[in-house]
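For reference, the structure is listed below as structure tokens.
The values are calculated or read from the model by the stated rules, or taken from the named source; none is laboratory data. Predicted model only: the values in this text are computed from it and were never measured. No Cβ is skipped: glycine too gets one built from the backbone with ideal geometry, and neighbour counts run over all protein chains shown.
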Amino acid sequence: MIDSPRRLILDTDVAMGAPGEDIDDGFALAYAIAEPALHLDLVTTVEGNTDVDSATVLALELLRRLGRSDIPVVRGADRALLGIRRARSRQSDVLQRFGSPPPSDRRAATAIVDHVMAHPGEVTLAQIGPLTNLATALAIEPELATAIDRIVLMGGYFFGTQNNATVPGEFNIWADPEAAVRVLRSGARVRMVGLDVTYQVRMSQEQAGVLAATGGDFGRFAGECGLGWIETLRRRYPHSTTHGSFHLHDPLAVASIAHPDLIEWQPAHVEVALDGVARGITVADLAGHPDELPPNCEIARDVDAERFVNLLLHRLAAL
């Protein structure tokens with residue numbers, strides 16, 4: 001008997017398609033469509049890698065390229081819970097090229113609540129941007145925490161330190177740490193794929209070139225974007241020791257929903273610092289004292305990087 005695909009909401013700050021912007025979130029969106037074990041029901045957008053209007057327009061454009069304009073895209077929060085705007089860039093050129101997002105009377109947080117509560121126990125949320133929409137949804141409907149099957153998020157940094165005084169915590173958490181705290185304290189089943197593990201998965205220039213040469217229509221486009229992003233990274237970070245490849249942060253989180261055995265998981269109690277120089281940093285207690293700090297999530301410890309990259313390439317090549 002074949003299991004039915006897992007219903008999925010993807011909450012994203014997608015920037016793929018904007019000049020000089022990160023592309024891994026676009027790869028994650030494409031993977032969510034290409035993976036037979038997943039059924040992408042809804043895309044919601046949030047301010048993060050780029051402003052939320054551009055993220056909305058770019059999500060619609062990627063879905064058009066993928067032949068899946070039937071999947072609804074709902075615009076979400078344009079600032080963190082405390083009103084802070086932390087988009088890495090604002091893409092007026094994207095809006096000039098593709099136009100503004102279509103008007104809608106829906107917002108991402110209410111769309112998430114409506115969809116999950118209509119299908120209790122069936123929906124997984126892939127969280128690959130700041131957690132503002134999800135935190136707002138939990139405030140609107142606290143029962144969402146038990147109605148949702150699982151939340152899998154790309155966020156945090158657990159085994160090591162980031163060594164970045166400007167953004168001391170992983171960006172998705174740092175951009176709205178209050179939202180992250182609300183999610184972690186909600187009682188929902190949460191898995192966190194941290195930056196320390198996603199740093200282990202990269203697509204090489206050779207692999208992107210093969211994808212650009214042999215993939216389907218979208219696969220070729222993705223490969224070309226990968227080659228372009230590698231060149232952008234080379235120019236932006238001339239002294240880097242990792243030229244010739246790029247990280248696959250968000251696609252790993254999405255792939256782990258369909259294939260959780262790609263990752264070694266560790267129960268942990270995770271808290272997020274809200275004050276001072278450590279604001280936005282995740283702290284994981286792995287001791288597991290049941291009477292003090294019971295686990296509130298599972299965090300990624302390790303990944304089968306080769307298997308994951310080969311899986312991703314196979315899925316994208318078929319698009």
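For region 44-64, the criterion of being at pLDDT below 95, surrounded by fewer than 17 Cβ atoms within 10 Å (Cβ to Cβ) and under 20 Å from MET154 (Cβ atoms) is met by none of the residues. Is it the case that GLY169 is modelled with pLDDT under 95 and within 19 Å of ASP196 (Cβ to Cβ)? Taking the combined requirement at face value, the residue satisfies it. Among the criteria (1) touching a residue at least 40 places away in the same chain (Cβ under 8 Å); (2) outside any loop (DSSP other than H, G, I, E, B), the one GLN266 does not fulfil is (1). In a residue-by-residue description of region 223-231, the property of being in a helix (DSSP H, G or I), buried (at least 19 other Cβ atoms within 10 Å of the Cβ), in contact (Cβ under 8 Å) with a residue 24 or more places away in the chain and in contact with a Ser or Thr (Cβ under 6 Å, 6 or more places away or on another chain) applies to no position.
Working only within region 178-202, note down all residues that are in contact with a helix residue (DSSP H, G or I) (Cβ under 6 Å, 6 or more places away or on another chain) and either under 21 Å from ASP261 (Cβ atoms) or modelled with pLDDT under 95 (or both).
Matches in region 178-202: VAL193, THR198, GLN200, VAL201.
In region 76-100, the residues that are within 23 Å of ARG279 (Cβ to Cβ) reach residues that are of a type in the set (Val, Ile, Thr) and in a loop (DSSP other than H, G, I, E, B) with C-beta atoms within less than 6 angstrom, at least six apart or across chains, in these pairs: GLY76/VAL46; ALA77/VAL46; ALA87/THR50; SER89/THR50.
Output the number of the condition that ARG85 fails; it satisfies all remaining conditions of (1) modelled with pLDDT under 90; (2) in contact with a helix residue (DSSP H, G or I) (Cβ under 8 Å, 6 or more places away or on another chain). Result: ARG85 fails condition (2) only. Once region 85-123 is narrowed to residues that are of a type in the set (A, V, I, L, M) and within 20 Å of the chain's Cα centre (by Cα), the residue that is nearest to THR45 (Cα to Cα) is ALA108. Considering region 112-216, the qualifying helices (runs of 4 or more DSSP H), each wholly inside and each with 2 or more residues that are buried (at least 20 other Cβ atoms within 10 Å of the Cβ), of a type in the set (Val, Ile, Thr) and in contact (Cβ under 8 Å) with a residue 24 or more places away in the chain, run over 132-140, 195-198.
Residues in region 272-292 that are assigned to a strand (DSSP E or B) and crowded, with 17+ Cβ neighbours inside 10 Å: VAL272, THR282, ALA284. Somewhere in region 18-41, is a residue at pLDDT below 95 and either among the hydrophobic types (A, V, I, L, M, F, W, C) or over 23 Å from HIS247 (Cα atoms) (or both)? There is at least one residue in region 18-41 that is at pLDDT below 95 and either among the hydrophobic types (A, V, I, L, M, F, W, C) or over 23 Å from HIS247 (Cα atoms) (or both).
Is it true that PRO295 is farther than 16 Å from ILE128 by Cβ, in contact with a Gly (Cβ under 9 Å, 6 or more places away or on another chain), assigned to a loop (DSSP other than H, G, I, E, B) and not hydrophobic (A, V, I, L, M, F, W, C)?
Details: farther than 16 Å from ILE128 by Cβ: yes; in contact with a Gly (Cβ under 9 Å, 6 or more places away or on another chain): yes; assigned to a loop (DSSP other than H, G, I, E, B): yes; not hydrophobic (A, V, I, L, M, F, W, C): yes.
When the stated conditions are applied, PRO295 passes them.
Suppose we filter HIS239, HIS243 for residues that are surrounded by fewer than 19 Cβ atoms within 10 Å (Cβ to Cβ), without any contact (Cβ under 8 Å) to a residue 12 or more places away in the chain and not in a helix (DSSP H, G or I); which single one remains? Break it down stepwise before answering.
Working: HIS243 fails: without any contact (Cβ under 8 Å) to a residue 12 or more places away in the chain.
Exactly one residue qualifies, and that residue is HIS239.
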